[in-house]
Ligand code: NBY
């Protein structure tokens, strides 16, 4: 259908290795062209940002042959493609990663040298990262797309191109301040826009019946308004392969309606307002408050990106010349939590209303193509939509959900006749009080597989969250333990260690992470231990530089770097760590320094803007940092730093620099964790509870190389029935004194009000069992200090942590999804495909 005949050659200088696009020379030429033609500037006088843009465009050019070859191959064939639906993709900086994927880091450095200006590190440093996610869930989606491409699985991520991502965090007077994230301000070179593939999405309105040509009664939705989704694709190149997948992010723009042309002047104003309203859809990412549900715009966002994506998938099915009935053979959809779970109703609507399939056939297709990943057990974080709101926004979808529910409940009645309470418990519609749609039930009823994200979590999904569903469909529930990509989180983030691993395991170790095992025999080799320690020290110096620049706090890179970075939340218990720091400080003040080693305790993470207690915890950490760092009695034994604006870029500096990784959530509450994996991969030892993936990390790295503490999930459940936190206070030496100091304002310049709610919260309710776990935590912290005092023993444990963390690669996780959930095969991409 293209007006351009086939056989037009690939641009000569770009991309194809046979065409020699991958030399420093070619890259230099490409940069020079982009400086001139794309950026409209001369090389002389180009700013660091200009060079960043020119290099990024030149690198992007080199992804294009691969991306187009991948697309051509897919279009021509019939391979099943993974559609990863996620409201968040926290992809991080792109330039450095793409250079790594292409194997062009040295060439880029050389090309920049020839411009005679700033070096590669300086250029990489100016990249703004798109913060299109909150934390673990969004970053997981990015790691998974990267592994899909690296393992040569055909895949597309589908999500939203938020104009404003997660806020930037500043710390002023110890408090978090939120600043809008303007990631697009300098122009972002990593996306390709395809306006011709825009799709229209409806909202509101009503549903009516009509008779079709065969005289059958059908339902049709007449939306009150529409918005257009414009696809913006971010190419995702695999590691040293030709597969280049994509993340397709939808931006909302106004649908230019027919009426607009007829508008008089007054109505034109309204037309503009409608345009603004449409564009609000992809304006801003919602921070995860956990409790802040029921926002209409959030449901609109979810429906918007899901509808765009499903329509896009049906369009490409038609391009393949395949009938709509074969949808599930061509696509497999993974729902990243319930945020995209409206897909169940929207796919049914598209198949039944638009494509005129019968209900049963449509349901077979829907259930054969959709799978659901659960990421939380916290009841306040499970999505529910009031039926009134839902029906006013998506009336046809509500009808469809009622129909799905009616048929499902009929099945349950046959399975357990007379059990009315079971019907109430499993119904997709929550009926006590205000009626609401339970999105996790909708996803679970429709999905062919439901998985948790770590072994313990998946067990709890079956026993605690969905016991009734697990009894109905035992085979539906499974586990896929999370993973992280060793490319970004080791090869890119940790250059000294990457070099050492290259020398030891061969240069292609990032594609064969199981080779880390070969480090085991070297763990006791003193020469290797020394090289290992030197790598760690270099990374710690680099992080010390970041801390000094950010906060003027000077830290000693030879001290034990004890780090907790993650979103601030009570269940993650940053305040347990802070309390432990205050106790260490008191021991120093009392001269009880026996067994202590010099430590730098580093925190980082954002609090949801509406989560007041989380913000107070940040203020508390700032307060103890200020007091402790200023106290000369420390004699270098204790420093505390709060790293502002923790994000992917900063994470790349943090994980490689850690000696000790704090993973201290209340057992049973952290679904998996993924930061815990990044730390272990980079040779940090974990101090942690038996929660989420910590359980498996401890199994893998060995119990001797992990500092375990705290109550188990079962013990916490038992405690819960009769917990009196105040009775635990006397069990810990110095704790009473510590709490008094905090309350009286010792860490808040004498302000005796500021931290009272925090102390009251801990001593009064302690919903997250800090005090019950504190004694054991202190013992474990002492164990960590004792091991640190024996450098060779510590290095050994550190090496073993890396050597035994290969299991936590996202490659392993993706292979499990591919085999056990999706039923997809790799499809290597041959190069030299004609561009059509
Ligand atoms: O997903 C996290 C889990 O807490 C963590 O244990 C796990 O490792 C990770 C990946 O599986 N969950 C998470 O990051 N959740 C969110 O960011 C999130 C975002 C949005 C909303 C709720 C939670 N929301 O309600 O819109």
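Relative contact order of the stretch 547-808, taken over Cα pairs closer than 8 Å and 6 or more residues apart, is 21 percent. Sorting 180, 712, 802 from the fewest to the most surrounding beta carbons within 10 angstrom yields 180, 712, 802. When the alpha-carbon atoms of the stretch 425-535 are used, the pair Rg, Dmax equals 22.7, 68 angstrom. Distance between the C-alpha centres of the stretch 772-836 and the stretch 681-728: 18 Å, rounded to the whole angstrom. Under Stokes-Einstein, with the Kirkwood radius over Cα pairs as Rh, the value for the stretch 547-808 at 10 °C and 1.306 mPa s is 86 µm²/s. Specify the inter-centroid distance of the stretch 427-477 and the stretch 29-46, based on alpha-carbon positions, in whole Å. The two parts, judged by their Cα centres, are 55 Å apart. Measuring nothing but how far apart in sequence close Cα pairs (under 8 Å, 6+ apart) lie, relative to its length, the chain scores a relative contact order of 14 percent. When the Kirkwood hydrodynamic radius is evaluated over all pairs of different C-alpha atoms of the stretch 245-399, what value in angstrom, to one decimal, is obtained? Radius from the Kirkwood sum: 17.6 Å.
Considering only C-alpha atoms, what is the centroid distance from the stretch 174-206 to the stretch 92-155, in Å? Centre-to-centre distance over Cα atoms comes out at 20 Å. Note on the stretch 156-228: semi-axes of the ellipsoid equivalent to its C-alpha gyration tensor, largest first and rounded to whole Å, are 44, 19, 9. Shape summary of the stretch 530-656, radius of gyration then Dmax from alpha carbon positions: 14.6, 47 Å.
Only beta bridges with both residues in the chain are counted; by DSSP, about 45 percent of them are antiparallel. Taking only the Cα atoms of the stretch 674-723, the radius of gyration and Dmax are 12.5, 41 Å.
Cβ neighbours within 10 Å, averaged per peptide: list 186-194, 329-337 in order, most packed at the top.
Numbers: 186-194: 16.1, 329-337: 23.6.
Per-residue mean Cβ counts within 10 Å order the peptides as 329-337, 186-194.
Listed from fewest to most Cβ neighbours within 10 Å, the set 794, 726, 489 follows the order 726, 794, 489.
Grab the DSSP H runs of the chain that are 4 residues or longer, score each as -39,500 (n - 2.57), total them, divide by all residues and round the 222 nm result to the nearest 500 deg cm²/dmol. Intermediate results must be reported in sequence, preceding the final value.
On the way: 30 runs with 351 residues, N = 836.
Here the helix-only value at 222 nm equals -13000 deg cm²/dmol.
Here the stretch 728-827 is described by how far its Cα atoms reach on the three principal axes: 65, 39, 27 Å, from widest to narrowest. Over all projection directions, the Cα-based convex hull of the chain averages an area of 38.5 nm².
Taking other C-beta atoms within 10 angstrom as a stand-in for reagent exposure, 385, 532, 612 fall in the order 612, 532, 385, fewest first.
Out of every Cα-Cα pair that the stretch 657-770 contains, those further apart than 19 angstrom amount to 57 percent.
So what is the relative contact order for the stretch 161-239, in percent, with contacts set as C-alpha pairs under 8 Å and at least six apart?
Numbers: 105 pairs, mean separation 21.9, N = 79.
Relative contact order of the stretch 161-239: 28 percent.
Every number in this text was worked out from the coordinates using simple rules, so none of it is lab data. These figures come from a predicted structure and were not determined experimentally. When we count neighbours, we look across all protein chains shown, and the Cβ atoms used for this are built from the backbone with ideal geometry, even at glycine.
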